[in-house]
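K.L.:
Please see the structure below; I have some questions.
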Amino acid sequence: MKTKSFSDMQCSIARTLEHVGSWWSLLIIRDVMMGAHRFKHFEKSLGIAKNTLTTRLAQLVEGGILEKVPAADGSAFDEYVLTERGRELAPVMIALSQWGDKWVAHEDGPSTEIIDGTTGKRLPRVWPRRENGEMMPLSEVSMRKADHAPPKNWAKEQE
C-alpha cells in the first residue's frame, strides 16, 4: 500500500517524515548509531524481510541519511554509515528513546541506555533550552508559522 507523500508540504516535520517516517527506517538508524553497519546485522537485529530491508536501506541512502561504502575490513561486503545529515538525527533518536523509556517502557525495562561515552553516565533528558543552556518550561515553548502569525502555546492548549 502506497503511503501519502509529504515532499510537497512546507512543514519541516512532514518533510522529515518523508525521509525517516517508517518505523523500519528509524530502527535501522538506531542500529547504525549503535554500531551495526552491514545488511546481515540489520537483518538479524530487526528480524526484517530482506526485500523490506533492501528497500529501506535504499531509501535512507537516497535521502542522504546513510552512505553505502566499501567494508572497513577490506572484505567484499558493503557497509552503511551515517552521513552528516544522518548523524544530526542523534538528538531526535535520543529524545524518542528517552520518551519511550518514560512512557512505554517494556516490563523488563529499557533495552539500551543513552550514555556519555567518556564518563559512562546517562545523558540528561533532551528538552528545549534557552540559548544559555537553561531548560525551558513547556509553558514558555511556542511554535508559529513562518509568516509570523501569533504563536500557539503548546502547554496552554492542553488545559
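Where a number appears in this text, it was derived from the coordinates with a stated rule and is not lab data. Keep in mind that this is a model prediction, so the values were computed, not measured.
K.L.:
How many Å³ per residue does the convex hull of the Cα positions in the stretch 90-157 occupy?
P.N.:
Details: hull volume 9.4 nm³, N = 68.
Dividing the Cα hull volume of the stretch 90-157 by its residues yields 138 Å³.
K.L.:
From the list (i) 90, 28, 28; (ii) 199, 26, 22; (iii) 55, 43, 33, can you say which value of Cα extents along the principal axes in Å was derived from the structure given?
P.N.:
(iii)
K.L.:
For the chain, set up a GNM with springs between Cα atoms under 10 Å and report which of 91, 137, 70 has the largest fluctuation.
P.N.:
137
K.L.:
Rounded to whole Å and sorted largest first, what semi-axes of the equivalent ellipsoid does the C-alpha gyration tensor of the stretch 12-86 yield via the square root of 5 times each eigenvalue? List each step's numbers first, then the result.
P.N.:
Values: eigenvalues 81, 40, 21 Å².
The three semi-axes for the stretch 12-86 are 20, 14, 10 Å.
K.L.:
Can I ask one more? For the chain, set up a Gaussian network in which alpha carbons nearer than 10 Å are linked by springs, and say which option among 112, 52, 83 fluctuates the most.
P.N.:
In the Gaussian network model the winner is 112.
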